[in-house]
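S.K.: Let me give you the structure first, and then I'll get to my questions.
Values quoted throughout were computed directly from the atomic coordinates according to the rules given, and no laboratory measurement underlies them. Not measured: the values here are computed from a predicted model. Here the Cβ is made from the backbone with ideal geometry for all residues, glycine too, and neighbour counts use every protein chain on show.
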Amino acid sequence: MSEIIEENYKYTKIFIETIINNAFDKICSRDDGEELYIDPNSMKSGKLIDSERQEVKLTSKQLEKIVSQKNGIFLCPKRREAFYRPNLVISNFEQLEEELKQYYEYICHSEKSFYKIDKEHNIDTYFYYLIKTLTNSDCQDLLEYIKVFNGFLEDNSFNSLRHEKVLGKIDLEEGHKYDVLAKRTEEYYGSETPFTMRYALERKGFKFTMPFVRYGISGKKAYIYSIQRKGKINLKYLKIKKINGEFNKVNSGVKDGREITPSMLISATIFIGMLKKAGIEEIKIADFLTRRFGHYNGINSNYEEACKIQANITNKFLKTYIRLVSQFSGINITSYPNDVDSYLSLKLGDNISSTNKLLDIFFRIGLEYDKQQDDFER
């Protein structure tokens, strides 16, 4: 019987062992709350030194007891991380095994850098990275989350942008034309997202780097996890000052949300145009990422400071899209974080346009950059 259990739940066993080793320390039944397993490392007194930690390995008997739960299980976070990491719910082990098997097969045969298994990294490493972009609601519906993540592996949108290309041109600085450039880069294991869309403006050898968008696409939905800008911009550079001055035109007539960085709003706008062109119907903007907070808490000894950093990043990210929707028709907010799940959800309708001339031009550049539909290998 034990051999059958281990064979039938091969990937489930590895997955549970991985997340117990890295993030959680207790397994409880959803039927009656019974404690099914406690990480023996968490029972040690005093500060645990990494070298002293014993790797968790479930016995066949323990695995059998876990998967026999009619309504599934929930895994509890370590006490020191309980504030920012909720319980993780697994409701159906047969479905979990199938989704994990599919995930494993994808990354075994993938040519994408983000998913490709190499000799230095075992499957448990990739199972650990699978939970890196969990939101609070994802923790409550893990099966749907893994299904979405598998969709990220299937997606090949924007393959034509593996090398930097010109999307279009825009007039800035009193009629000077700039090329609007874009490049889709593949991220490596350990990154939050499989892809990043990078933008820049270029004219006569001068290149202005724009904020980039981290994302994944599953079916007709796009999941966006951050808009970032690498490094600080030297505003003493005259051309950069002029471009930023032009970008400030997106604030024309705006009273609320003027604290949003114009270049980030513009990058978000271009990408929404590209998503619309690619047939995306819904955009999910991630709220609080539990693992990301762990990162900030890890590099800041001051817990309150870590909370402040995370709150500022999350709020500005969400407000960027709320501000964008306020300046466009044809894009609607269908739910806010904690209404339905942990995402700000946007619906892309028809006849999308903006009364702000500059934003509308950038949206059109994203929407119309490539009129050959077969260039999108979806």
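S.K.: Using θ = phi - 60° and the Karplus relation 6.51 cos²θ - 1.76 cosθ + 1.60, list the HN-Hα couplings for the stretch 363-370 in order, rounded to whole Hz, with x at every Gly or Pro.
M.R.: Each residue's phi maps through the Karplus curve to give 4, 5, 4, x, 6, 10, 5, 9 Hz.
S.K.: For the stretch 159-375, what is the relative contact order in percent, using Cα pairs closer than 8 Å and at least 6 residues apart in sequence?
M.R.: Computed over the stretch 159-375, the figure is 19 percent.
S.K.: Let me ask you something else. So for Lys255, Lys284, Lys165, fewest C-beta neighbours within 10 Å to most, what's the order? Walk me through the numbers on the way to the answer.
M.R.: Working: Lys255 6, Lys284 22, Lys165 16.
So the ranking, lowest neighbour count to highest, is Lys255, Lys165, Lys284.
S.K.: Using 0.36 nm per residue, how much length does the chain from Arg229 to Asn244 gain when fully extended, once their Cα-Cα distance is taken away?
M.R.: Result for the pair: 4.0 nm of gain on full extension.
S.K.: Along the stretch 27-37, what does the Karplus equation 6.51 cos²θ - 1.76 cosθ + 1.60 (θ = phi - 60°) give for ³J(HN,Hα), rounded to whole Hz, x for Gly and Pro?
M.R.: 10, 10, 6, 7, 6, 9, x, 4, 6, 8, 7
S.K.: Kindly work out what percent of the DSSP beta bridges joining two residues of the stretch 159-375 are antiparallel, to the nearest 5.
M.R.: That works out to approximately 90 percent antiparallel.
S.K.: Here's a follow-up. What pairs from Lys242/Lys319; Lys147/Lys308; Lys204/Lys319; Lys220/Lys255; Lys177/Lys347; Lys13/Lys347 go past 27 Å between their alpha carbons?
M.R.: Exceeds cut-off: Lys147/Lys308; Lys204/Lys319; Lys220/Lys255; Lys177/Lys347; Lys13/Lys347.
S.K.: Can you compute the charge dipole magnitude of the stretch 159-375 about its Cα centre, using +1 on each Lys and Arg Cβ and -1 on each Asp and Glu Cβ, nothing else charged? Give it in debye, rounded to the nearest 20.
M.R.: Details: 36 positive and 25 negative charges, 152 e Å.
Dipole about the Cα centre, nearest 20: 720 debye.
S.K.: Select from the stretch 202-281 those GluC sites (Glu not before Pro) which occupy a DSSP coil region and have at most 16 other Cβ atoms within 10 Å, ordered by residue number.
M.R.: Glu259, Glu281
S.K.: Can you pull out the GluC sites (Glu not before Pro) in the stretch 85-184 whose DSSP state is coil and whose Cβ has at most 13 other Cβ atoms within 10 Å?
M.R.: On the way: sites: Glu94, Glu97, Glu98, Glu99, Glu105, Glu111, Glu120, Glu144, Glu154, Glu164, Glu173, Glu174; in loops: Glu111, Glu120, Glu164, Glu173, Glu174.
Sparse-neighbourhood loop GluC sites (Glu not before Pro): Glu111, Glu120, Glu173, Glu174.
S.K.: Looking only at the stretch 333-370, which residues have a backbone nitrogen under 20 Å from a spot 7 Å from the Cα of Glu144 in the C-beta direction?
M.R.: Only 333-348 fall inside the zone, counting backbone N under 20 Å.
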